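For reference, the structure discussed in these notes is given below.
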Amino acid sequence: MAEITAAMVKELREKSGAGMMDCKKALNETSGDMDAAMDWLRTKGLAAAAKKSSRTAAEGLVGVATAGTKGAAIEVNSETDFVAKNDQFQSFVRELTQIALNTGDDLDAIKGAAMPSGTTVEETLTNNIATIGENQAIRRAKRLEVSKGAVVSYVHNAASPGLGKIGVLVALESEASDDVLQGLGKQLAMHIAAAFPKALNEGDLDEAEIERERAIATEKASESGKPADIIAKMVEGSIAKYRKEHALVSQLFVMDGKTKISDVVAKAGKDAGAEIVLKDYVRFQLGEGIEKEASDFAAEVAAASGVPQKA
């Protein structure tokens, strides 16, 4: 039997787009014959995933799961919203969320982890692409953990328990009762889903974004024709407002529109008789930041059928 080298596996993977383990198996099954291995992958429906992998996947599901003091969120994308309703896809995302909860949020570690079926996550993903018929991708994952307290989850407009288009985790460190932390955490998570904070604290905001806002504020203020010192104060006022509106702890609670989130947490701790610290949060919104491809469906159908388009 021919020796299967890493270079051979790499070459077949590049040609087929199939997973590394599938390529290695194909080469073993065909005694290292590259063409035969490619045919083997095609017969298994695995090489087809290569053609689908170039298509934009911006739909799908966000999954969240918690277990006491830890929680995990994951985003798995597909090409269309129809796949999000597919039982096979939903089960896959739910199982991945549990893996992230136990393994952590490193994507390579998640892809190499074993599924309940015994295959790896990456192998299962490749098979799902082939059987469901759409490109799919594990985009991101995040796990939160506190030493004491609770991590609380929330899914906005859930498609299924723990699955939806916006998933939120809130990490609360405290010795307060679980009932108190769950109630507060749920309220904070609903606020986060609606208010879309960009960072926990003002100091954590992206400085590059701050500078872009500063440039915009400076240009607007300059149009007022006021003296330079007044313009400088106007700009700093705009930046201070931006920081308060986009940092979670300084945002106004959406449920009353007047209380800062930091004060909501402080009051909950005072009422419970135990300090509560808002340690961190995660907000995953499906497809956020992915540039979707624009397509003319009618033109695509006409082109496929050979019907000319009107000018």
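In this structure, does G167 turn out to be in a strand (DSSP E or B) and either on the phi < 0 side of the Ramachandran plot or among the aliphatic types (A, V, I, L, M) (or both)?
On the way: in a strand (DSSP E or B): yes; either on the phi < 0 side of the Ramachandran plot or among the aliphatic types (A, V, I, L, M) (or both): yes.
Yes: the conditions hold for G167.
For the range 167-206, how many residues meet the condition of being among the acidic types (D, E) and more than 28 Å from V62 (Cα to Cα)? I'd like the intermediate steps shown before the answer.
Start the filter on the range 167-206 by keeping residues that are among the acidic types (D, E), which leaves 173, 175, 178-179, 202, 204, 206.
Filter once more, so that each one left must be more than 28 Å from V62 (Cα to Cα): 175.
Total meeting the criteria: 1.
Restricting to the range 214-231, count the residues that are under 20 Å from E202 (Cα atoms) and open to solvent by less than 70 Å² (accessible area, probe 1.4 Å). Talk me through it step by step, then tell me what you get.
From the range 214-231, those under 20 Å from E202 (Cα atoms) are 214-217; that's our starting set.
Filter once more, keeping what is open to solvent by less than 70 Å² (accessible area, probe 1.4 Å): 214-215, 217.
Going through the range 214-231 one residue at a time, the tally reaches 3.
One line per residue, one yes/no per condition, for (1) at pLDDT 80 or above; (2) under 35 Å from the mean Cα position of the chain (by Cα):
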| residue | (1), (2) |
| --- | --- |
| A2 | no, no |
| K24 | yes, yes |
| L27 | yes, yes |
| D35 | yes, no |
| W40 | yes, yes |
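Does Q98 satisfy the condition of being modelled with pLDDT of 90 or more, open to solvent by 80 Å² or more (accessible area, probe 1.4 Å) and more than 14 Å from T126 (Cβ to Cβ)? First the steps, then the outcome.
Working: modelled with pLDDT of 90 or more: yes; open to solvent by 80 Å² or more (accessible area, probe 1.4 Å): yes; more than 14 Å from T126 (Cβ to Cβ): yes.
Criteria met by Q98.
Among the residues of the range 112-152, how many are of a type in the set (V, I, T) and either farther than 20 Å from G60 by Cβ or not in a helix (DSSP H, G or I) (or both)? Give the derivation first.
Applying the first criterion (of a type in the set (V, I, T)) to the range 112-152 yields 119-121, 124, 126, 129, 131-132, 138, 146, 151-152.
Next cut, either farther than 20 Å from G60 by Cβ or not in a helix (DSSP H, G or I) (or both) only: 119-120, 138, 146, 151-152.
Result for the range 112-152: 6.
Pairs under 7 Å by beta carbon, first residue over 13 Å from V265 (Cβ atoms) in the range 186-204, partner in a helix (DSSP H, G or I) and of a type in the set (S, T, N, Q), six or more apart or different chains?
Short answer, once both residue conditions are applied: E202/S250.
Count, please, the residues in the range 208-220 that happen to be farther than 12 Å from I239 by Cα and of a type in the set (A, V, I, L, M). Let's see the steps before the verdict.
Step one: list which residues in the range 208-220 are farther than 12 Å from I239 by Cα, which gives 208, 219-220.
Next, from what is left, pick out any that are of a type in the set (A, V, I, L, M): 208.
Number of matching residues: 1.
Output the residues belonging to the range 192-213 that are open to solvent by less than 80 Å² (accessible area, probe 1.4 Å), assigned to a helix (DSSP H, G or I) and touching a strand residue (DSSP E or B) at 6+ places or on another chain (Cβ under 9 Å).
Passing the criteria: I192, A193, A194, A195, E202, G203.
Identify the single condition in (1) at pLDDT below 95; (2) in a helix (DSSP H, G or I) that V180 does not satisfy, given that it satisfies every other one.
So V180 meets the others, but not (1).
Quick one: count up the residues across the range 174-185 that are surrounded by fewer than 19 Cβ atoms within 10 Å (Cβ to Cβ), under 18 Å from A67 (Cβ atoms) and in contact (Cβ under 8 Å) with a residue 24 or more places away in the chain.
So the first thing to find is which residues in the range 174-185 are surrounded by fewer than 19 Cβ atoms within 10 Å (Cβ to Cβ), and the list is 175, 177-179, 182-183.
Filter again for under 18 Å from A67 (Cβ atoms), leaving 177-179, 182.
Subset that is in contact (Cβ under 8 Å) with a residue 24 or more places away in the chain: 177-178, 182.
Residues meeting the conditions: 3.
Exactly one condition in (1) among the aromatic types (F, W, Y); (2) surrounded by 15 or more Cβ atoms within 10 Å (Cβ to Cβ); (3) at pLDDT 85 or above is not met by F82; state its number.
(2)
What residue, of G162, G118, is in contact (Cβ under 8 Å) with a residue 60 or more places away in the chain and at positive phi?
G162
Residues V170, V146: which one is in contact (Cβ under 8 Å) with a residue 12 or more places away in the chain and touching a Gly at 6+ places or on another chain (Cβ under 7 Å)?
Details: V146 fails: touching a Gly at 6+ places or on another chain (Cβ under 7 Å).
Answer to the selection: V170.
Quick one: would you say V152 is of a type outside the set (D, E, K, R), in contact with a helix residue (DSSP H, G or I) (Cβ under 6 Å, 6 or more places away or on another chain) and open to solvent by less than 30 Å² (accessible area, probe 1.4 Å)?
On the way: of a type outside the set (D, E, K, R): yes; in contact with a helix residue (DSSP H, G or I) (Cβ under 6 Å, 6 or more places away or on another chain): yes; open to solvent by less than 30 Å² (accessible area, probe 1.4 Å): yes.
It is true that V152 is of a type outside the set (D, E, K, R), in contact with a helix residue (DSSP H, G or I) (Cβ under 6 Å, 6 or more places away or on another chain) and open to solvent by less than 30 Å² (accessible area, probe 1.4 Å).
Quick check: anything in the range 250-259 without any contact (Cβ under 8 Å) to a residue 12 or more places away in the chain and touching a Phe, Trp or Tyr at 6+ places or on another chain (Cβ under 7 Å)? Steps first, please.
In the first step, residues of the range 250-259 are kept if they are without any contact (Cβ under 8 Å) to a residue 12 or more places away in the chain; the result is 252, 256-259.
From what is left, the residues that are touching a Phe, Trp or Tyr at 6+ places or on another chain (Cβ under 7 Å) are 259.
Within the range 250-259, one or more residues are without any contact (Cβ under 8 Å) to a residue 12 or more places away in the chain and touching a Phe, Trp or Tyr at 6+ places or on another chain (Cβ under 7 Å).
The values are calculated or read from the model by the stated rules, or taken from the named source; none is laboratory data. Please read all numbers here as calculations on a predicted model, not as lab measurements. In this analysis, Cβ positions are derived from the backbone assuming ideal geometry, glycine residues included, and neighbour counts consider all displayed protein chains. Note: areas computed on protein heavy atoms with side chains; ligands, DNA, RNA excluded. Shrake-Rupley method; radii C 1.70, N 1.55, O 1.52, S 1.80 Å.
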